[in-house]
Structures are given as C-alpha cells and as structure tokens.
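The values are calculated or read from the model by the stated rules, or taken from the named source; none is laboratory data. These figures come from a predicted structure and were not determined experimentally. Note that each Cβ is placed from the backbone with ideal geometry, even for glycine, and that neighbours are counted across all protein chains shown. Note: areas computed on protein heavy atoms with side chains; ligands, DNA, RNA excluded. Shrake-Rupley method; radii C 1.70, N 1.55, O 1.52, S 1.80 Å.
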Amino acid sequence: MTTFSIAHKNYKKPLLKNIQGPVLVTGTGGFIGFHAAKALLDLGVDVVGVDNLNPYYDVKIKHDRTALLKHYKNFKFYEHDLSDKEAIEELFNRYHFTHVIHLAAQAGVRYSLTHPFSYLKSNIDAFLVMLECARHAKNFQHMVYASSSSVYGMNTKMPFSEDDPVELPMSLYAVTKRSNELMAQSYAHLYKMPLTGLRFFTVYGPWGRPDMAAFKFVKAILEDSPIDVYNHGNMARDYTFVGDTVRGILGALDTQADVTQQKHPVFNLGNNKLETLAYFIEVLEKHIGKKALKNMMDIQPGDVPQTSADITKAQVAFDYSPSTDIDEGLKLFIDWYKDYYGKK
Ligand SMILES: NC(=O)c1ccc[n+]([C@@H]2O[C@H](COP(=O)([O-])OP(=O)(O)OC[C@H]3O[C@@H](n4cnc5c(N)ncnc54)[C@H](O)[C@@H]3O)[C@@H](O)[C@H]2O)c1
C-alpha cells in the first residue's frame, strides 16, 4: 500500500523546537489527523491518537489509516468518544500531555443539514471536554484546534482575513466551528491557556475523505459515472494540499500562543491560490486521461460560492508557505486512490 509522507519535499526536520511529546492528536482515524500524527511520528515524536471511528463515511479507510499508524512503535491508539470526559481525563492523567492537536469533529457542511445533533455532540460537547481536560492538566502548554473557512459564511470581501467580522454563518457546521473559536477565546482569557485556532480551507490529498469533491470525482470518472458539478462549475476554492496543511499545524503547535494578548490567535491555513471547480475537474481529467460526465447543478444550500485565504498572518508567525499546486497535489491523490483501490 502506498504510504505518503509530507517529507516528499522541502519539509525540514528542525521544524519542531519546543515539542517533546507525547502529543495528543484527536481524530487520527480521520484524514488530516492521520497525516498530522504520521508527520509527528516520522519526526520521532511520541503520539497518542484518539478517535471514535464513527461511520460518517466508510470506516474501512479509518481502520486502514489507524493500522498504518500502529506500525510505529511510538504510537498508541484509543478508541474513545471525545464527549466521554472520564475517558479523556484518564488519558491526560496517564500521559501528561504538553501539546495537543485537536482535529476530531463531525465534518461536512451538507451533512449538517440532515444530522444536526451529531455536530453538537462531536463539535461542542467534545470541544468543551478538551478545554476542561487541558485546563486541569498539570503540564499542559499548548493546544491547536481545527476551525474552518466556513466561519466566513456570507462574507464577500476576498481574500478572507482573520480580522474580518465572522457573524454570518451559512450552516450549523460553521456555527459549531465559530463556537469553538469563541469557547477557546473565553478559556484563553479566563485561564490564560495557550490555544490556537486554525481555519482550514478545502484540504485534499492522499487518504482523503470520501465525502469530498476530489474523492467523489476521481471515483466517478474512473467508474464512468456522472459527477455533480455545483454552481455549474463556478464555485472557487482555496484548495489546500494536506502536506501543506500539516506543515501549518506543526508550525502553529511549535509556536507558543501569546496569552498576554486580548485575543487568542486564529490563523487561516489556505493555499493563497483560488481555483475554480471547473479547472479542478480539468486537472483531474488530464491526470486520469478521461473526460468526466458532468451533471450541472445549482449551488447547494449552506455552500459558499467562493473561499479565498489571506495567509499573511500564518506566514509571519510560523513561516507557513504552502507550496503544492493542484496539478501536483491532485496527481498525488489520484496515484494514492488507484493504488488503494487497486485500479489500473
Ligand atoms: N478536510 C477539510 O477540508 C477541512 C476543512 C475545514 C475544517 N476541517 C476540520 O478539520 C478537522 C479534520 O477534518 P478531516 O477532514 O480530517 O475530517 P475526518 O472526518 O476525516 O476526521 C475527523 C475524525 O474525527 C473523528 N471523530 C468525530 N467525532 C468524534 C468524537 N465525538 N470523538 C472521537 N472522534 C471523533 C472521526 O471518526 C474522524 O475520524 C475537523 O475538525 C474538520 O471540521 C477540515
């Protein structure tokens, strides 16, 4: 099975100056959590992974990601729901985490229209458990957590900047992510806790999520099935390659949040390069060597037509510099997909 390493290019080892481990990474059965854990393990850092391996999408891929991580001697895995406070507290007591990467969540905008309660449990209750456990942990130094570009909601000023007001969410998913930022803000203020929010922008890459466009499109094109092209291909996204996202996560984790500031830090981790959905599909067609059968559709409720990130703040704070364009990144994704599913 192809393993993918974010070390495929200019990923330098001395990136981590302040992290000894073990690092708690939540959502290691998931797409980004798997890559974040693997990157730490490759750097020789001990990782404790937690995931409830829920069936939001095909659990086989979650089990396969977890199995791959379990090959590392310095990885321990616990199948827990993060809303289970006692279980998570027990892990904090046992491992004395200094650093935490909190990525587990109920993801997906469209699913929040049909399954709203999953979002409250996994994104709000579980987030509070993480904050409370970190707050009481003796050696705790820093937690970075996943927010989302969806917090920008109906904003039309592009590119999105961290200083823009974020008061117009377009889905319950976005509400939960914005709530996480507000919860973190109150804990940072009350308890002087070093917390950092990371707004991810449409992350894609090997071991990607089956509910996201790259995965669904590659599958459909290979199987000669039609693809749904929302907003007639006129959606535009700041598609970010997962290797770049992970470099951003580790850079942020290694940079202590300044608790003397009034606001806890929140960073855009996008790619700083806007691409239309139509071009995204063209690149897939080029690498697969086949035309897609397209169902042109209107935009879906809850979806935003465009997301574009101003990444200056992350560039200045921890040298965040995404370097993978969609031509290179989608090729890596297609190669992984064909290998994983045994397609020629
Ligand atoms: N992928 C993206 O484009 C993107 C964009 C913006 C934000 N995000 C955020 O980044 C994070 C990671 O996203 P991803 O794409 O890897 O999603 P994912 O669904 O692949 O991973 C999330 C993991 O969390 C686990 N999980 C969910 N609820 C849990 C709970 N209550 N207890 C324990 N485990 C639980 C799931 O089983 C899953 O393995 C999420 O917080 C997501 O909201 C992702």
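Could you check how many residues of segment 43-72 are under 19 Å from G208 (Cβ atoms) and outside any strand (DSSP E or B)? Steps first, answer last, please.
From segment 43-72, those under 19 Å from G208 (Cβ atoms) are 49, 51, 53-69; that's our starting set.
From what's left, outside any strand (DSSP E or B): 51, 53-69.
Total satisfying the criteria: 18.
A single member of S171, S122, S147 is open to solvent by 20 Å² or more (accessible area, probe 1.4 Å), on the phi < 0 side of the Ramachandran plot and within 12 Å of the ligand (Cβ to nearest atom), and it is S122.
Across segment 309-329, what is the number of residues that are closer than 25 Å to A252 by Cα and either touching a His at 6+ places or on another chain (Cβ under 7 Å) or not hydrophobic (A, V, I, L, M, F, W, C) (or both)? Show your work before the answer.
The initial filter retains those residues of segment 309-329 that are closer than 25 Å to A252 by Cα, namely 309-326, 328-329.
Then keep just the ones that are either touching a His at 6+ places or on another chain (Cβ under 7 Å) or not hydrophobic (A, V, I, L, M, F, W, C) (or both); that gives 310, 312-313, 315, 319-325, 328-329.
Residues that pass the stated criteria total 13.
Restricted to segment 92-107, and to residues that are away from the ligand (no atom under 12 Å from the Cβ) and not in a loop (DSSP other than H, G, I, E, B), which residue is nearest to F31 (Cα to Cα)? Even if it seems obvious, please write down each step before you answer.
Keep residues of segment 92-107 that are away from the ligand (no atom under 12 Å from the Cβ), which gives 92-100.
Restricting the remaining residues to those that are not in a loop (DSSP other than H, G, I, E, B) gives 92-95, 99-100.
Details: F92: 23, N93: 27, R94: 26, Y95: 24, H99: 20, V100: 17 Å.
Going through the qualifying residues, I end up with V100.
In summary, helices (runs of 4 or more DSSP H) completely within segment 108-183 and bearing 3 or more residues that are among the hydrophobic types (A, V, I, L, M, F, W, C) occur at 126-136.
Please specify each residue of segment 216-238 satisfying the condition of being under 23 Å from S323 (Cα atoms) and either open to solvent by 10 Å² or more (accessible area, probe 1.4 Å) or more than 13 Å from the ligand (Cβ to nearest atom) (or both). Spell out the reasoning first.
Taking segment 216-238 as the starting set, the residues that turn out to be under 23 Å from S323 (Cα atoms) are 218, 235-238.
V218, M235, A236, R237 - these are the residues of segment 216-238 that are under 23 Å from S323 (Cα atoms) and either open to solvent by 10 Å² or more (accessible area, probe 1.4 Å) or more than 13 Å from the ligand (Cβ to nearest atom) (or both).
Candidates A188, A184: the one that is more than 14 Å from the ligand (Cβ to nearest atom), buried (at least 20 other Cβ atoms within 10 Å of the Cβ) and within 21 Å of G251 (Cα to Cα) is A188. Among the residues of segment 38-65, those identified as crowded, with 22+ Cβ neighbours inside 10 Å and either in contact with an Asp or Glu (Cβ under 9 Å, 6 or more places away or on another chain) or touching a residue at least 60 places away in the same chain (Cβ under 8 Å) (or both) are A39, L40, V50, D51, K62, R65. Quick one: how many residues across segment 291-344 are part of a strand (DSSP E or B) and either of a type outside the set (K, R) or open to solvent by less than 70 Å² (accessible area, probe 1.4 Å) (or both)? Residues that pass the stated criteria total 5. Checked against the criteria, F140 does not count as under 19 Å from Y187 (Cα atoms), in contact (Cβ under 8 Å) with a residue 24 or more places away in the chain and within 11 Å of the ligand (Cβ to nearest atom).
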